[in-house]
Amino acid sequence: MNGSTLFRRAAAIAALTTAAALSTTTATADQPRTPAETGVEQLTHAVGDDAAGKTAVADIAKSAQLVAAAKLENVQFTPFSYLAPTLGCGFNMPFSLTSATAVTGFAGPAATVSLPAGSVSFQVMAQQNGFPLASGLTVAWLNVNNGRSGIVPLDEHTEYNLPALSKTVETGPGMVIASLWGTIDYPSARCVVLPTVGLSTIPDAPAPQATPANPATPDASASTPSGVPATPAAPTTPAQTPGTDNTGSGAPAAIPA
């Protein structure tokens, strides 16, 4: 086999490889991206170089793949899938567990909590005595149904201006995957909360129920059968005339001496 033949075969193989690669790229480009994939990409850009944030986003991406593969619906994990490992504080220092919850609800008389429709409240409780002084907690969330996502701090405060360790987020209705991590400062300790992930189904506002029209007030006169006389009025007692006896005898009243 001479060099010319080898050259032609090598050129043919290179051409076939290039065509296959272009075909694969075109097929991949033609496939529409799911809302979850778009949301994960946004979270990846938003988290930057934060190591804990990257771990949290990776956990969200894995959970989104599992949700899509298992076709899960109406999943509710409260607290999160597992308690968050926590360093630096707790009843069994230097290691403890932090509870994270995702509370959902809608405004209305049937609501368990007063939250706007399509919203969720992320809340944290650490195993540490005393009131928290500062919150460095962050939550990354992804709605796999509508593709909305975000990274927000848990920076709400109580009426005493202390960290509430909570945050209400408008995610829209659908299944939301969230991961939480960060720090909590106490007077004598700092809790370092490692990422934990959870799933919650965020309800939409219930459909308004039609209010039945008030029935017409019945006519009182129409309820009385015709031909039945009305109840006679009670007789009035005649006023007593001075000098007469009202006993019915007709005799004049006795005049005192």
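Worth pointing out:
- Matching residues, segment 175-191, being in a strand (DSSP E or B) and out of contact with any helix residue (DSSP H, G or I) (no Cβ under 9 Å at 6 or more places or on another chain): V176, T183, I184, D185, Y186, A189, R190, C191
- Of everything listed in (1) at positive phi; (2) out of contact with any Lys or Arg (no Cβ under 8 Å at 6 or more places or on another chain); (3) modelled with pLDDT under 95, the single unmet condition for G172 is (2).
- Residue match in segment 154-171 (condition: touching a Leu at 6+ places or on another chain (Cβ under 7 Å) and closer than 16 Å to D59 by Cβ): no
- Qualifying positions in segment 92-103 - at pLDDT below 85 and buried (at least 22 other Cβ atoms within 10 Å of the Cβ): none
- Selection of first residues in segment 46-66 that are under 15 Å from S81 (Cα atoms) and of second residues that are modelled with pLDDT under 90 and not in a helix (DSSP H, G or I), restricted to Cβ pairs under 8 Å at least 6 apart or on distinct chains, gives the following pairs, ordered by first then second residue: S63/L199; L66/L72.
- Selected residue (criterion: farthest from the chain's Cα centre (by Cα)) from residues of segment 123-136 that are within 18 Å of W181 (Cβ to Cβ), surrounded by fewer than 18 Cβ atoms within 10 Å (Cβ to Cβ) and modelled with pLDDT of 95 or more: A134
- From the list V120, V139, the lone residue that is buried (at least 17 other Cβ atoms within 10 Å of the Cβ), under 21 Å from V197 (Cβ atoms) and modelled with pLDDT under 95 is V120.
- When L154, L162, L142, L133 are checked against the criterion of being within 21 Å of M93 (Cβ to Cβ) and either of a type in the set (A, V, I, L, M) or touching a Pro at 6+ places or on another chain (Cβ under 8 Å) (or both), a single residue qualifies: L133.
- Scanning segment 31-69 for residues that are on the phi < 0 side of the Ramachandran plot and assigned to a loop (DSSP other than H, G, I, E, B) returns Q31, P32, R33, T34, D49, D50.
- Filtering segment 142-172 to residues that are in a loop (DSSP other than H, G, I, E, B) and either surrounded by 20 or more Cβ atoms within 10 Å (Cβ to Cβ) or in contact (Cβ under 8 Å) with a residue 60 or more places away in the chain (or both) leaves V144, N145, N146, G147, R148, L154, L165, T171.
The values are calculated or read from the model by the stated rules, or taken from the named source; none is laboratory data. Predicted model, so just to flag it, every value in this text is computed and none were measured. Methodologically, a virtual Cβ is constructed for each residue, glycine included, from the backbone with ideal geometry; neighbour enumeration extends over all protein chains shown.
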